[in-house]
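The values are calculated or read from the model by the stated rules, or taken from the named source; none is laboratory data. Note that this is a predicted model, so its numbers are computed, not measured. Cβ placement follows ideal geometry from the backbone for every residue including glycine, while neighbour counts extend to all protein chains displayed.
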Amino acid sequence: MIESRFFVKAAAAVFALAAGMPFAFAVDPVVGSPEAGAKIALSCQACHGEKGNSTVPAQPNLAGQNAAYLREQLALFKAKKRNNPVMQSFVDPLSEQDFADVSAYYAAQTPAGLEADPSFWKAGEALYTSGDATRQIPACTACHGPAAQGNPGSGYPALRAQHSTYTVKQLQDYLTQNRYRDSTDPAKVNTTANSVMMSTIASRLSPEDIRNLASYLQGLR
């Protein structure tokens, strides 16, 4: 009964947020300059590739990602509330305006095409578009869009054309509650409604589900 109540509440929250309610980490908008951001992005190319299309599967593609989400994540890295010492060192000297500029730059880029593994694509598509009510897994489309393009208004990230290796790691980090962790207080895990929801959903995914979803998302344009 408790699980059922959670699923109903989670599903309601998913649809409400997708409809345009403020994202939990939303910040006041600062106008970003893609031109200024291009200069900052030069120092990001080693990991994230030219124009945000990474050639390293463990590093995320940033091209075409919505700017609000990118700014939010940069702020979390700087505040040491998202685990990644390398990113924390890169963003530490950057200002809020820098965040807005580099995010605007990457949002304006076109993601390169990647291929999905045909062995896993169909299963991943079914789970992404329909979820699995028997396991209380909501469809991913409500927050991330029918083509995994994200929801900029609510701050939900685009997932399409993302390396499957990276997506697998992020879902695993949600499962272990290691994606958002306050490194200034290691015992304190970020427990916003969205991270709790993602951690709960990830806990209901099998390793095969995670693999299938990641492969499907990699192949989307």
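Here are the numbers:
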| read-out | value |
| --- | --- |
| Filtered residue count, region 167-197, keeping only those that are assigned to a helix (DSSP H, G or I) and within 20 Å of K80 (Cα to Cα) | 11 |
| Residue check for L159: part of a loop (DSSP other than H, G, I, E, B), in contact with a strand residue (DSSP E or B) (Cβ under 8 Å, 6 or more places away or on another chain) and surrounded by 17 or more Cβ atoms within 10 Å (Cβ to Cβ) | no |
| Inter-residue pairs, beta-carbon under 6 Å, first of a type in the set (S, T, Y) and in region 35-62, second outside any helix (DSSP H, G or I) and surrounded by 17 or more Cβ atoms within 10 Å (Cβ to Cβ), 6+ apart | S54/N61; T55/G49 |
| Of the criteria (1) among the small types (G, A, S); (2) assigned by TED's automatic domain parsing to the domain that holds Y166; (3) modelled with pLDDT of 95 or more, which one A10 fails | (3) |
| Subset of region 33-80 that is surrounded by 20 or more Cβ atoms within 10 Å (Cβ to Cβ), hydrophobic (A, V, I, L, M, F, W, C) and within 17 Å of the chain's Cα centre (by Cα) - its residue that is nearest to Y166 (Cα to Cα) | L62 |
| Residue match in region 144-154 (condition: free of Cβ contacts under 8 Å to residues at least 12 places away in the same chain, more than 16 Å from N61 (Cα to Cα) and of a type outside the set (F, W, Y)) | no |
| Among the residues listed as L205, L220, the single one being touching a residue at least 60 places away in the same chain (Cβ under 8 Å) and surrounded by 21 or more Cβ atoms within 10 Å (Cβ to Cβ) | L220 |
| Pair list, Cβ < 7 Å and 6+ apart or interchain, from region 184-198 residues that are of a type outside the set (S, T, Y) to residues that are part of a loop (DSSP other than H, G, I, E, B) | K188/D182; V189/Q177; N190/K81; N190/D182; A193/A24; N194/A24 |
| Condition broken by V91, with the remaining ones in (1) modelled with pLDDT of 95 or more; (2) out of contact with any Phe, Trp or Tyr (no Cβ under 8 Å at 6 or more places or on another chain) satisfied | (2) |
